[in-house]
Structures are given as C-alpha cells and as structure tokens.
Amino acid sequence: MDMNGIQNRIEELSRLLREANRRYYVDSAPDMSDYEYDMLMKELQGLEEEYPQFRKEDSPTRRVGSDLAVQKGGKFRQYPHKFPMLSLGNTYNINEIQEFADRAGKTIASPFTYSCELKFDGVAICLEYRDGVLYRALTRGDGSVGDDVTENVLRISNIPKRLSGSGWPAEFEIRGEIYMPYRAFDALNEEKLRDEEQPFANPRNAASGSLKLTNPDEVAARGLECTLYHLLGRDLHFRTHDEALRSAMKWGLPVSDKRRICRNILEIEEYIDFWNVERRKLPFATDGIVIKINELDIQKELGYTAKAPRWAVAYKFKAEQALSRVLSIDYQVGRTGAVTPVANLEPALLSGTVVKRASLHNADQMELLDIRVGDYVYVEKGGEIIPKITAVELSKRAPKLLKPEFPQTCPDCGTPLVRDEGEARWYCPNIDGCPTQIKASLTHFLSRKAMNVLAGDSTVEQLFNLGYVRNVADFYTLTADQLMTLEGWREKSAKRFLDSLEQSKSAPFEQLLFALGIRHVGESTAKSIARHFGSLYAVASAGRGELLEVEDVGEIIADSVYEWFRDGFHLEICRRLKDAGLQTEIVKKDSRQSDSLQGKSIVISGTFSISRDEMKALIEANGGRNSGSISSKTAFLLAGEKPGPEKLRKAESLGVKVIDEAGFRAMLEPETKAENRPEEKKVPVQLTLF
Ligand code: IVH
C-alpha cells in the first residue's frame with residue numbers, strides 16, 4: 001500500500017468503526033460481530049501507530065467518556081411500605097383475559113374501560129414525593145418492607161428529583177419499574193467479559209444487580225431508566241388511572257406513551273397482537289402486557305386478594321422469538337473437528353440485534369426439528385452468542401422441500417466423518433491434516449488464554465496458505481523476512497509479532513497444555529492436569545489410570561489425552577516446542593519479588609501483554625493487592641488495552657490515578673521488569689524426553 005492507500009484505509013476503518021458504534025450504542029442493532037469489530041479496531045490501532053501523521057483527534061481509537069460524580073455510600077435501611085406492594089396475576093392465554101373481563105363484568109354493573117400497558121421487564125420501585133421533591137425510593141422487598149435505595153435512584157437520569165408543573169398532591173407515591181435498556185446492558189456485559197467477569201444473563205438481572213450496588217457512582221454509570229405506572233396516595237381525586245398517569249406526566253414523571261384505553265376484549269387482543277410483534281423493535285425488554293381496569297372507583301370495588309389486585313392482570317409473552325426463513329445450511333468444522341450445522345437465515349430482528357445465522361447444534365437436533373432449506377423457523381436467543389432454532393413453522397412449509405443430508409465426509413478435507421458412541425456430534429478425524437482444523441488449532445494456540453500472541457485470523461490464514469506454518473511448533477521458526485511477505489506487513493509489524501512469540505515462551509506450562517488444543521481439555525482441565533503431573537513429559541508418559549486420578553478428569557478426557565500423546569507427530573511437536581524454549585514444566589517461582597507495591601490496592605482492567613492472572617500474580621509478587629472494584633482507597637487503576645469505560649469513569653470521579661502497563665512496569669524494582677522475567681527464578685527440573 002502506498003501512503004495514499006494507507007490514509008484511505010485509515011479513513012475507511014474509522015468510518016466502519018463509527019458506524020458500528022452507532023449501530024451498537026445508539027440503535028442497539030449491531031450488524032457486526034464483536035470479533036469483526038475488534039479486528040478492525042486492531043488494524044486501525046496498528047496503522048495509526050505506524051503512521052501517526054494520519055491519526056485524527058476524533059479517531060474511534062481515542063474515544064473516552066467522562067462523568068463527574070460525588071461519592072456517597074452506605075448500606076440499605078429498610079422502611080415499611082405505606083400500601084403493600086403486590087404482584088400481578090398473570091397468564092399466557094388470551095382466553096384467561098376474557099375470563100378476567102367476564103369476572104369483573106359480573107361484579108360491576110356500570111360500564112368500564114381497560115388501560116392496556118407494556119409490562120416492563122425490570123425491578124419494581126416505589127418512589128415517594130413530598131412537596132414535589134423525591135423523598136424516598138423503596139424496592140418491593142417482601143411487599144410490606146422494602147430497601148431504601150434513594151441514593152441510587154437519585155442517580156437515574158430520567159427520574160426527577162423535583163417535580164415540574166403544578167397541582168401535585170403534597171404527599172404521594174408512584175410505582176414503576178427500573179430497567180436496563182439493551183444498549184446499556186450490552187455495553188455492561190461487554191465490559192464484564194473484557195474484564196473476565198461473569199456477564200449478566202439478561203437485562204432484568206442487570207437492572208436488579210445494579211440497583212442494589214452500594215456505590216451510587218457505579219449505579220449512575222449503569223445507564224438504568226425508569227418508567228412509572230401506578231399512582232397512590234390518601235386524598236387523590238382522579239377519576240381514572242389514565243387521568244392520574246397523565247397528570248404524573250405533566251409533573252415531569254416518566255410515564256410510558258405506549259398505553260392505550262381499550263373498551264372491549266377485541267381491542268385488548270389487538271393491542272396484545274400489535275405489541276407482540278412491535279416490542280422486538282423497542283430498545284428495552286418487555287415480557288408482556290398489563291391490563292388494568294381504568295376507573296378508580298371500580299378498582300376500589302374489586303379490591304385485592306392477598307397477593308394481587310383483582311382489577312389487573314398480566315398477559316405474558318412467550319420467550320422472545322423471531323420468525324425467519326432458512327436460506328441455506330452450512331456445516332462448520334470446529335477446532336476439534338466437530339461438525340456443526342449452522343443455518344443461514346433471512347435477516348430478522350431479535351432482542352435488538354439482527355440475526356442472520358442460527359445454530360442447529362448437531363444431526364440429531366436437525367432430525368428432531370425436521371428442518372429443510374426454505375422452511376420458516378422460530379429463532380430464540382439463549383445465553384449463547386449464536387441464537388438457536390427452536391421450531392419449524394410447518395404451516396408455512398412450501399411443497400417439495402428436500403430433507404437436508406448431513407454430510408458423510410468432512411466439508412473441508414473430504415475425510416469420512418466419525419461419531420463416537422453416545423455422542424451427538426460427527427467429527428472429522430483428520431485432526432492434523434484437515435485445513436480448517438489446523439487453522440483453528442493454530443488460532444487457538446495463539447489466543448489470549450493460551451499463548452497470548454497478538455494475531456488475527458487473517459494472519460493465521462496467510463501463514464498457513466503460504467506454507468510457513470502447518471503446526472504450532474512452526475510459529476517459533478518464523479523469520480522477519482517471511483513475515484514481511486504477508487499483506488500489509490512491514491518491519492515493525494513483523495517485529496511486534498516475533499516479540500509477542502518470544503514473550504509467549506514464558507507462558508506457564510498449564511497455558512501451553514491448554515494451547516495444544518487436545519480435545520476435551522479446556523482451560524481448567526489443563527490447569528488440573530499440569531499441576532498434577534508437573535511436566536509435559538510426565539503427562540505424555542501417563543497411563544489412562546494415572547490420568548483418571550486427576551481431579552475433574554473422567555474417562556473421556558483421560559482417553560483423549562492418552563491417545564493424543566500416542567501420536568508420534570504430536571510428540572515431535574512437543575519436542576520442538578520444548579527446544580524452542582517454551583515452558584514444559586511447572587515453574588516454582590520465588591513468590592516474593594519486591595516490595596515496590598507494598599500495601600497498595602490495585603484494580604486492573606483491560607488486556608495486557610501477559611494474561612490477567614499473570615498480571616495479578618505480578619502485583620502480588622511485588623507486595624500489592626489486587627482488588628475487584630475501585631474505591632477511594634485504590635492506589636491506582638492499572639489500565640491495559642481497552643479498559644472498561646465504567647472503571648475509567650469511576651477512577652476519574654474518585655480522583656484515582658490511571659496507569660498503563662509501561663508505567664506500571666516502570667514502578668517495579670529493576671529485577672522484576674519485563675527484560676528480567678520471573679522464569680529466571682525457577683527451580684530447574686531436568687527433562688529428558690521428546
Ligand atoms: S401494575 C398492584 N403495570 O410486573 C399492581 N406492573 O409481574 C401493580 N410491571 O409487580 C403492578 N410493568 O413489577 C404494573 N405496566 C405495568 C408493569 C408492571 C411491569 C411489573 C411490576 C409487577 C410485576 C408483576
């Protein structure tokens with residue numbers, strides 16, 4: 001690429017990333033996977049580093065957020081509710097809504113209407129206003145006593161601290177729901193994943209977890225919102241629920257504009273049908289419709305059961321689904337050779353994102369669904385990244401659609417597929433010859449939790465296609481000259497890659513064992529096996545019985561490990577890795593290296609040149625303490641690449657210093673700096689084989 005080409009590429013990348021940000025953060029409808037996004041960002045960062053003259057102030061690599069706040073704190077006090085905070089009767093069945101209407105009609109002689117509303121999927125909240133000022137916010141608690149979360153609620157931006165307009169009662173309560181819009185939910189989970197924390201399973205959990213945080217600053221950063229739907233007080237003079245909510249709206253309170261007054265069951269059904277589809281376009285989660293009798297005197301007449309009002313009922317939606325058409329089915333070969341059928345779909349909107357592909361899991365599942373190309377299918381989002389197909393809409397099936405044939409040979413290398421007894425998946429057994437499997441295992445070897453070498457899929461693809469790397473040991477014989485023949489690579493990028501490979505040689509043995517990509521040996525199994533045997537040689541020589549003695553290792557894992565090391569080609573790779581200087585044994589480190597960080601509480605965020613676990617160990621080895629959350633006691637935030645924006649904001653608001661990896665390493669005493677790596681302190685163990 002000439003200079004013009006580079007500048008154009010930088011501009012194009014910036015545009016793509018800005019657009020991706022907009023779709024992700026603003027529209028809550030990302031059409032690019034996190035991985036694609038990260039790769040583009042990495043490319044842009046690399047180019048800007050190499051050609052700083054083209055870097056712009058407003059580049060997507062430089063966005064930072066800021067939010068100033070005053071720290072408050074304290075645990076929750078509990079207060080009784082003035083009126084019990086009850087739940088709602090609910091149903092998934094429209095006939096029961098009819099029964100609800102019939103029951104009310106039988107008791108009540110005068111005509112009445114219904115207020116139909118969205119059922120927001122969040123946490124119930126009760127706000128008390130006194131003289132137009134937010135006085136207290138209580139959670140539902142057990143219905144009669146709630147937690148005082150006023151400090152947190154004061155930090156939710158759409159809740160007024162002071163009412164506007166006029167005519168509000170001197171004292172009243174208004175109840176509603178605090179929820180986390182998808183946009184905030186996705187950003188929060190992205191940050192949690194980056195920081196290797198457990199993400200929230202859904203926006204509701206995220207909202208309730210956030211509302212119960214003890215630091216209001218953190219709550220402020222979570223992007224919670226509120227909607228209010230029930231006004232209560234002693235001397236209120238409204239005729240209908242709708243009137244009450246309209247007034248609340250005039251006082252500046254957030255009330256949904258998606259309500260509708262219905263006169264009969266047909267109108268209610270219409271409302272339900274409409275929102276059952278349209279809710280997919282809403283930027284927040286709804287789990288149903290609430291139908292309330294609108295006239296307050298009738299509400300009073302109907303009263304309450306012990307648990308719920310007799311004047312309201314909830315119609316709940318089934319799990320959010322999208323209906324889409326199967327365009328084709330791909331059979332993907334994974335790293336360990338498992339062949340997964342994946343359906344390509346007509347793009348459909350599901351929980352705020354566009355879905356184009358969905359997993360069919362395995363041949364049995366395809367058989368069970370009786371799926372065909374051209375079928376309309378229901379897609380649901382589970383906890384996984386890729387959504388799943390739950391059912392086929394047979395009433396929409398076109399005639400003459402053919403049953404797909406699960407391939408008998410590997411779609412990549414043509415080797416006949418095998419299926420072990422009791423396993424649902426078909427495998428390509430050609431683990432060392434199937435290009436897809438080789439490339440996937442090369443990528444896995446370099447990945448962050450394995451050898452942590454910075455490289456993208458396209459690098460591996462090129463290295464493989466050029467014949468430079470055919471197995472993981474080949475990485476360590478790469479030369480700068482070879483690397484500079486890769487598209488867009490120059491001296492600097494080649495050096496960076498070689499440095500990163502060099503650094504990987506000091507990755508602990510357990511990481512290497514995981515990196516080898518032995519089927520069924522995940523990160524934690526690799527750790528257990530490595531610790532049990534202490535060296536690669538010992539693992540390789542272990543019999544099935546010895547392997548079974550390892551914690552968490554059962555027959556399947558033991559067999560897989562045993563077989564892997566019975567292959568001469570694999571032993572040869574192990575020998576070459578050992579000769580290259582990789583850690584093939586557990587290193588017993590002298591754990592204390594210096595007192596440079598003595599007594600310091602340090603919070604880490606983002607990614608570093610070493611794994612997060614290694615970074616934590618390094619902090620401890622130098623007398624520091626690793627802490628999960630920032631407080632005024634935090635010595636500094638150690639920010640790697642892509643630190644969490646929430647952590648940065650918090651550090652800024654508390655005046656906590658932010659230090660990057662280079663700055664951090666400079667703080668350590670000389671003997672523990674990068675050039676003097678900890679493995680030099682290991683206790684040597686003699687290795688004889690490979
Ligand atoms: S009215 C006494 N309206 O759903 C009746 N509740 O599953 C008060 N909810 O406890 C409830 N959206 O936390 C009402 N528009 C809405 C609602 C709503 C969500 C929640 C609320 C309730 C729960 C019942």
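The values are calculated or read from the model by the stated rules, or taken from the named source; none is laboratory data. Owing to the predicted nature of the structure, the values given are computational and were not obtained by experimental measurement. Cβ placement follows ideal geometry from the backbone for every residue including glycine, while neighbour counts extend to all protein chains displayed. Side chains are part of the model used for accessible areas, which takes the heavy atoms of the whole protein and leaves out ligands, DNA and RNA. Shrake-Rupley method; radii C 1.70, N 1.55, O 1.52, S 1.80 Å.
Some notes on this structure:
- Residue count, the range 589-609 (criterion: farther than 15 Å from ALA639 by Cβ and not hydroxyl-bearing (Ser, Thr, Tyr)): 9
- Among the residues of the range 104-126, those that are more than 12 Å from the ligand (Cβ to nearest atom), touching a residue at least 24 places away in the same chain (Cβ under 8 Å) and open to solvent by 40 Å² or more (accessible area, probe 1.4 Å) comprise THR107, SER110.
- So GLU191, is it over 27 Å from ALA314 (Cα atoms) and buried (at least 19 other Cβ atoms within 10 Å of the Cβ): yes
- Test for SER541: is it small (Gly, Ala, Ser) and within 23 Å of VAL453 (Cα to Cα): no
- LEU236 being open to solvent by less than 30 Å² (accessible area, probe 1.4 Å), part of a loop (DSSP other than H, G, I, E, B) and among the aliphatic types (A, V, I, L, M): no
- Sole residue being at pLDDT 95 or above, open to solvent by 50 Å² or more (accessible area, probe 1.4 Å) and among the hydrophobic types (A, V, I, L, M, F, W, C), chosen from LEU349, LEU368, LEU327: LEU327
- Candidate set: the range 616-662, residues that are within 23 Å of the chain's Cα centre (by Cα) and in a helix (DSSP H, G or I); chosen: the one nearest to GLY599 (Cα to Cα): LYS616
- Any hit, the range 301-323, residues being among the small types (Gly, Ala, Ser), within 11 Å of the ligand (Cβ to nearest atom), modelled with pLDDT under 90 and within 30 Å of LEU224 (Cβ to Cβ): yes
- Residues of the range 546-571 satisfying the condition of being under 15 Å from HIS532 (Cα atoms) and either of a type in the set (S, T, N, Q) or under 33 Å from the mean Cα position of the chain (by Cα) (or both): VAL550, GLU551, ASP552, VAL553, GLY554, ILE557, ALA558, VAL561
- Every residue from the range 81-93 that is open to solvent by 50 Å² or more (accessible area, probe 1.4 Å) and closer than 15 Å to GLY288 by Cα: SER87, LEU88, ASN90, TYR92, ASN93
- Contact map, the range 645-656: residues that are on the phi > 0 side of the Ramachandran plot and surrounded by fewer than 19 Cβ atoms within 10 Å (Cβ to Cβ) paired with residues that are modelled with pLDDT under 90 and not in a helix (DSSP H, G or I), Cβ distance under 9 Å, separation 6+ or inter-chain. Pairs shown: GLY655/SER632.
- Qualifying residue in the range 263-283 (condition: surrounded by fewer than 16 Cβ atoms within 10 Å (Cβ to Cβ) and within 14 Å of the ligand (Cβ to nearest atom)): no
- For ASP142: the one exception among (1) free of Cβ contacts under 8 Å to residues at least 40 places away in the same chain; (2) away from the ligand (no atom under 16 Å from the Cβ): (2)
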